[in-house]
1. Given q = 0.10, 0.21 Å⁻¹, what are the Debye log10 I(q)/I(0) values for segment 112-226, with equal point scatterers placed on the Cα positions and solvent ignored?
2. Scan segment 1-103 for GluC sites (Glu not before Pro) in coil per DSSP, keeping those whose Cβ has at most 13 other Cβ atoms within 10 Å, and list them by number.
3. Let me know the charge dipole size of the chain about its Cα centre in debye, to the nearest 20, where only the beta-carbon of Lys, Arg (+1) and Asp, Glu (-1) is charged.
4. Two decimals is fine: what's Rg over Rh for segment 409-503, C-alpha atoms, Kirkwood radius as Rh?
5. Rg and Dmax of segment 319-440 over Cα atoms: what are they, in angstrom?
6. Run the helix sum for the chain: -39,500 (n - 2.57) per DSSP H stretch of 4+ residues, divided by residue count, reported at 222 nm to the nearest 500 deg cm²/dmol.
7. To check you understand DSSP bridge types, tell me what percent of the beta bridges within the chain (both residues inside) are antiparallel, rounded to 5.
8. In whole Å, what is the distance between the alpha-carbon centres of segment 289-346 and segment 388-418?
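Every read-out reported here was derived from the displayed coordinates using simple, explicitly stated rules and does not represent laboratory data. Nothing here was measured: the structure is a model prediction, and the numbers come from that model. Here the Cβ is made from the backbone with ideal geometry for all residues, glycine too, and neighbour counts use every protein chain on show.
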Amino acid sequence: MSSSKPAVAIIGAGVAGLAAAIRMACAGRDVTVIEGAPEPGGKLRERHQGAYRFDLGPSLFTWPELILELDELTRSSIPNSPSCPERFEFTKLDRSTHYFWEDGTQLIAWSQPEQFASECEKSFGVNPILVKSHLEHSSASFEATRRIFLEQSLHDWNHDIPGQWGAVVKFFHRLPWIGTLHRWNQKRLKHPKLAQLFDRYATYNGSDPHRAPAMLHVIPHLEHGQGTFFPNDGMIGITRHLYGLAEALGVKFMFNREAIEILHKGGEVQGVKVSDNQQQQFIIEANCVISNADVWPTYRRLLPNLKAPERILQQERSTSGVIFYWGIEGNHPTLHLHNILFSQDYQAEFESIRNEGHPGDDPTVYINISSKVKPSDAPSGGENWFVMVNVEAQPEAIEKMIPMIRNSVIQKINRTLNIDLEPLIQNESFLTPSDIQARTSSHQGALYGASSNSPFAAFLRHRNRSTQLKGLYFCGGSVHPGGGIPLCLLSAKITAELIEKHA
Ligand SMILES: Cc1cc2nc3c(=O)[nH]c(=O)nc-3n(C[C@H](O)[C@H](O)[C@H](O)COP(=O)(O)OP(=O)(O)OC[C@H]3O[C@@H](n4cnc5c(N)ncnc54)[C@H](O)[C@@H]3O)c2cc1C
């Protein structure tokens, strides 16, 4: 056994682990990141398949300011450093999603609210004022609640943020504290297809709109209030950029190294026991450990002697996904970067996911084609289709269903787009809940930690600072404030602030 003595050890180089590393290094700490995979990124990595390139996991990029903030922080920490990467580059898109229904209805969700509202009038005959006011409400609720629910710990109040409760109190009577997202959308929007479109935002954190709280109505603000973006190098550009910033700051990375235990004594963390791929073990001493691993394996595997927060660990998981990566022949002009082919009965689809594990024979299919905005991701005359359906986070059961799911996805695409897809598939691979669990330690392969299918979900996410062990912190999609790239970046920020506060 050998040892070194950095002040902060971070388990996992997912986006939150990378962001936490940047923040801690900027605060002058000596930081070591231990990562089981051979490269950084966690769920945010890439795959090459012949001449096609795919982003493996996340495809929707919102709230880029959170990355620019890390850029600024790094630049002010190491001004004029030649090793600092160029500023993060991304493009604002004019639309979020192209929506399709089997009866031939189509809708382009323009980012700009007026344009989106008049498109809704054209497709559904709904009053554009109704759509605009729905979006305005989403934005106002987001602004009223963000500081309390997203930008600070819910368990460790920061009394220094002035007026943090004022905004919530002022808007209190307009916030939907009870009821589901589906009821909120249905009641306000009246039109079933438009309600379905807004219901889909529950899936942005792996939840079911028919059970998730109406509070999730804040999510559309990210796309239509702030906008939808595309990193110029593809989604993998986010990982590369954060990794570049961390390296420039002198963060040490240990890849292909598995953290096997968080060491502690007398109620204080002492470091991390690490194993390399030859099963050699060694210790990284640290008085501060941040786990970016899912909170479930953090307790069950890395902290065997610590009392686990059972209520939190036993919460329902968010949905997982089955993703097909298809190199597709031809150009398909009705499709754009983000496309949704909706099922005809959304409620029945979610019930099927819950009861059977899969979405049934009429799934809602998401098709992401990054070559639409980054042509080098596919050879000329081809497109890189990332095709995903939601499934229950049940790795073993779903593994057996892949051929059936593949068939229902292809049939759905054929019916909705009037094409014959199978002969156009030039090469393929897929990703299952088992793969996601194996690659990232995400319990049951859930995409976003615990689901938000309960009105108390926001309060039941694991806290960012342990109250049992001094020096133990948590960041990433399975802890407060939740999953998805923006919230993971915020979790790293909250964690870094707590570390400074409790140092
Ligand atoms: C298919 C898919 C689609 C998605 N779509 C979107 C989207 O469009 N937009 C969006 O914002 N979000 C999306 N998400 C969610 C988003 O990817 C995640 O919320 C986010 O990337 C999670 O980051 P994280 O920091 O929690 O860590 P993770 O990405 O979960 O990474 C954790 C890291 O910790 C490492 N690790 C775990 N245990 C150990 C250990 N014991 N020792 C060493 N290393 C360890 C793992 O190897 C991994 O690299 C999607 C996710 C998936 C899978």
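1. At q = 0.10, 0.21 Å⁻¹ the computed log10 ratios are -0.32, -1.18.
2. Listed in order of number, the matching sites are Glu86, Glu89.
3. Roughly 1300 debye, rounded to the nearest 20.
4. That ratio equals 1.19.
5. 14.3, 42
6. After summing the helix terms and dividing by the residues of the chain, the value is -10000 deg cm²/dmol.
7. Given both bridge residues lie in the chain, the antiparallel proportion sits at roughly 70 percent.
8. 16
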